[in-house]
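Following: one structure in structure tokens, then a few remarks.
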Amino acid sequence: MKVKLYATAVLCFSLIIVSFSQAVTSVITRHNSSADFLKGETKQVVIDSTGLIRLAPQITQIDTGGLLKDAWSIHTMMADADGVVYLGTGPDANVLRYTNGRIDKVYPMDKGDGSGTSIRNEHVFAMANDLAGRLLIGISGKKGKLVRLAKGPEVVFEDERVHYIFAIALDEANNVYLATGPNGLVYRLNAFCQNPEVIYEARDKNILSLLVRDGMVYAGGGQRGLVYKIDPETKRATVLFDTEQNEVVSLLMDGEGNLFAAATSAAAAMLQLKASGASMRNAPGRPDNDDEGEEESTSNTVASLNTANGEDEPEKEPEAKPERKAPTPPAAKIAGHIYKINPDGFVTDIFAEIAVFYSLLEFDGKLWLGTGNKAQLYTVNPNTEEKSVFYEDKTSLQVTSLLAVNDTLYLGLSNPARLVQLDKGFTGEGVYESDLVDAGQPARWGKLQLEADIPDGCEILMASRSGNVKEPNDPTFSGWTEDVVVKQPADLNCPLGRFCQYRLTLKSSDSALSPTVREVAVASVIPNLAPKVNAIKIQRNRDKNKPTVYDIGFSVSDDNRDTLEFTLQFRKHGRTVWILLKEELDLPRFEWDSRAVEDGRYEVRVTASDRKSNTAATMLTGSRVSDPVVIDNTAPEIKESAVNVTGDSVQLRLSVEDAYTVVGKVQYTVDSNDQWMGTLPEDSVYDTRAENFTIHISDLKSGEHVIAVAVSDDLDNTMYQTFDVTIP
């Protein structure tokens, strides 16, 4: 049974009918996507890519009794057939064993005299069990070696070409494969760790990941980011995919033969981490798949809260950004990716994030990904595209290793090194603090509504606060209001302020259940504010059929989103009286035919009014005056002219002047010839309102001739004049 609780109105305001009352506009800001919610702060809650907020899983930090005090990182973890967990660390090259709540060190062994208790500047990146269940430990450092642990440690492999052992894998015959560096060598040893041979030598410096399946070896490169498929018998390799990242850090294969490769570009991702957080952007909609990605509640009774439909806050135009001086690197180089390579070799990019990737695990039908440098654990459902930040550690910087044992997930953390256990089931309480909601102006805050499911035994509490600076930690912010249980639209009882922040506390008395928040709607009310005319631009119309028309365009804004109308006025520059040009204009543009005014410099004033959305007592206006614009519909004048005839040549001297505009062009023709000839001013540059010209015309036949001159300004206002000359 589901009990539906529907929200009625977001805000109800009565207009006070007095002369000083102000009109108000209610705006609803909605948070309903991962991009919205990930801007906030989480504590014991998780946010998935569809924009759902739930309680985080149950988390236990395992007490390691000080055995990790010299370690920076838990590089790797593995479990034997009995479920005993082993941790490989660095730079102390310790191997720890965890079982039945107890932890001890198994390598290096304490000899009783204090020696052998610590190895400096060496790392354990890889471990495995051989055919007899003995622990194989890959030691990396100045010299790489494979150590087999039975009654005591035994070095079973070392090679002067190997400094690092990054991965160990066994095939069905228990042959042991090693991924090494810095020479990109892949080794095969027999089941007794004997007869080592190189089965592939890559051009990469390091081979970071390894997987053996059905007689084939899959390897991930650590320099060029290639995924290899190696035939160990022929020692030949093919490249399945060039990831365009630098490192393929982890490989796994599902039961259907799909190969998943976690690839990362650590240096590029680190450059982006300061400016970018988790995004988990989804394409609109979702794949058509039977797996819907969202588990239904097992509770018999779920209270569903629904937000009221209404007009939302308009999206703000993005701020102009300075032009980049260097090309933006391709998306593949600035983020980590998980690629799915199907058995036919086709590749799908199923996950991308600006983060450093460390470890990949398939568990509980999902892919689990450990990242840094925010120590975030992601889950990815390859079929539904659903992703979530399942866990984020607030103490360590990286999730460097993952291990699943039965229904328990272990996380190996680094900087500092810690071991965390995640069990199935939800934690009892979690908190989500939103990003600041910006009303743009000091506003009254109305009600908060939730789109949420709240099973029996669960509840959601809300508190809020407000301020006028874009920094929630500023001491001028108000204190948090008292938490109230959200069962219907809840009042945001915070003071008047431009910014509001809400806090949701999710609680559950049953570890199998969690409240789920899908959307948060926050209402704000801004008193009537005057509209703004932000800019005015006046320019001559480009249509040659409208030579005297000027286009007046302007941009306006109104914080109340009122319906605006505009009044246009003009005046000659230097005068004080405005003359009406157009009123009750409803569009921010107007064509002005300048033939109605004399030539000169003019200013245009645009006044915006919100009269249509307010009363006569509350309406407000805002205005702006344009920069002076020249109205010039008159051609230049020839102030002086002189004609001199010498033999069969004519010299025509002209002094041309325009009242407002630069002289733009002078042309001439003789005896109505269709070919007009251009000429330049005596200083060779058209750049002032007055120019002098000297035109030379030669080789004229004797008799009467007519010289026609066309004089234009820079606006193509043109006048014509003719000169009669006689050649002897």
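Can you list residue pairs whose Cβ atoms sit under 9 Å apart, with the first residue in the stretch 82-109 being on the phi > 0 side of the Ramachandran plot and the second being crowded, with 22+ Cβ neighbours inside 10 Å and among the small types (Gly, Ala, Ser)? Count only pairs 6 or more apart in sequence or on different chains.
Between residues of the stretch 82-109 that are on the phi > 0 side of the Ramachandran plot and residues that are crowded, with 22+ Cβ neighbours inside 10 Å and among the small types (Gly, Ala, Ser), the close pairs are 93/140.
Failed condition for residue 82, given (1) at pLDDT below 95; (2) in contact with a Phe, Trp or Tyr (Cβ under 8 Å, 6 or more places away or on another chain), with all others met?
(2)
Does the stretch 404-419 hold any residues that are surrounded by fewer than 21 Cβ atoms within 10 Å (Cβ to Cβ) and touching a Phe, Trp or Tyr at 6+ places or on another chain (Cβ under 7 Å), and which are they?
The answer is 404, 415.
Can you go through 352, 375 and tell me which one is crowded, with 17+ Cβ neighbours inside 10 Å and without any contact (Cβ under 8 Å) to a residue 24 or more places away in the chain?
Selected residue: 352, the only one of 352, 375 that is crowded, with 17+ Cβ neighbours inside 10 Å and without any contact (Cβ under 8 Å) to a residue 24 or more places away in the chain.
Filter the stretch 591-606 down to residues that are charged (D, E, K, R) and either in a strand (DSSP E or B) or under 42 Å from the mean Cα position of the chain (by Cα) (or both) and give me whichever is farthest from residue 715 (Cα to Cα).
My answer is 605.
What tally of residues in the stretch 161-192 results from selecting those that are under 22 Å from residue 108 (Cα atoms) and either modelled with pLDDT under 95 or surrounded by fewer than 19 Cβ atoms within 10 Å (Cβ to Cβ) (or both)?
Selection size over the stretch 161-192: 2.
So which residues in the stretch 621-667 are more than 30 Å from residue 611 (Cα to Cα) and among the basic types (Lys, Arg), if there are any at all?
If the condition is that a residue be more than 30 Å from residue 611 (Cα to Cα) and among the basic types (Lys, Arg), then 639, 653, 665 are the ones that fit.
Of the residues 625, 604, 556, 520, which is hydrophobic (A, V, I, L, M, F, W, C), in the same structural domain as residue 502 (by TED's automatic domain parsing) and at pLDDT 95 or above?
Every option except 520 fails the conditions.
Are any residues in the stretch 700-715 in a strand (DSSP E or B) and acidic (Asp, Glu), and if so, which ones?
Of all residues in the stretch 700-715, those in a strand (DSSP E or B) come to 703-713.
Of everything in the stretch 700-715, those that are in a strand (DSSP E or B) and acidic (Asp, Glu) turn out to be 704, 713.
Give the stretch 152-177 a look and list any residue that's touching a Lys or Arg at 6+ places or on another chain (Cβ under 9 Å), part of a loop (DSSP other than H, G, I, E, B) and not charged (D, E, K, R), or say none.
Selection gives 162, 163, 175.
Which pairs turn up if I take residues in the stretch 578-590 that are in a loop (DSSP other than H, G, I, E, B) and look for partners that are among the hydroxyl-bearing types (Ser, Thr, Tyr) and surrounded by 10 or more Cβ atoms within 10 Å (Cβ to Cβ) with beta carbon separation below 8 Å, at least 6 apart in sequence or on another chain?
588/555
The values are calculated or read from the model by the stated rules, or taken from the named source; none is laboratory data. Quantities reported herein were computed from a predicted structural model and do not represent experimental measurements. Every residue, glycine as well, gets a Cβ built from its backbone with ideal geometry; the counts of neighbours run over all protein chains shown.
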